[in-house]
1. Spelling out what I want: for every residue of the range 129-143, take phi, set θ = phi - 60°, compute 6.51 cos²θ - 1.76 cosθ + 1.60 (Karplus), and round to whole Hz; glycine and proline get x.
2. At 7 Å along Cα-to-Cβ for each site, give me the label-to-label distance between residue 6 and residue 28 in nm.
3. Which whole-angstrom value gives the distance between the alpha carbon centres of the range 80-104 and the range 16-76?
4. So what's the convex hull volume per residue for the Cα atoms of the range 1-135, in Å³?
5. If I take R0 = 22 Å and measure r between the Cβ atoms of residue 121 and residue 99 in this structure, what FRET efficiency does the formula 1/(1 + (r/R0)^6) give, to the nearest 0.05?
Amino acid sequence: MATVIASMLGGPPNTTYGENIGVLAITRVFSVFVIGGAAVLAIFFGFIDIIAVLIESIPTAVMGGVSILLFGIIASSGLRMLIDNNVDLGQNRNLIIASVILVIGIGGLYIELQLPNFDLQVSGMALSAIVGVILNLILPGREKASRNQDQMFKADSKEKKAS
């Protein structure tokens, strides 16, 4: 939505920088001040040519390895959220939704619409999120999954109260 609003106002596109999730997971530094300081340094370094030259001197294989690690951690963090929220991947419905989201998000699938005076391309995480929401709405068994989720939540609450 932010990108849509920005483009309607003549602004540049923006992003959430999912890579930052990976960096936070690796470093375990969740301080707003550290993240804000890193953002200020990144902007500042963007104006210094020698920094750009140093970054460009990093071998492609090293940057590739870092990218694999970061994007792998993003995917793993998503799976961890599913587990933490007791999503039952034993149910075919949940397994299908999670699998399609994962493959679309990682696989580079995109949808492109070319209309007169207007081109739209949706890809990556945005497309996987949209498809995930649509699948959740249209696949049968939503009520059953919701009831099972409520039952698991109640069982977890009783266990926490007992301990």
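1. Karplus values, whole Hz, x for Gly and Pro: 5, 5, 5, x, 5, 5, 4, 4, 7, 9, 6, x, x, 4, 5.
2. 3.3
3. 28
4. 176
5. On the way: r = 23 Å, r/R0 = 1.06.
Once rounded, the FRET efficiency stands at 0.40.
A short reminder: the numbers here are calculations on the coordinates, not readings from a lab. Just so you know, these numbers come straight off a predicted model, no measurement behind them. Note: ideal-geometry Cβ built from the backbone for every residue, glycine included; neighbour counts use all protein chains shown.
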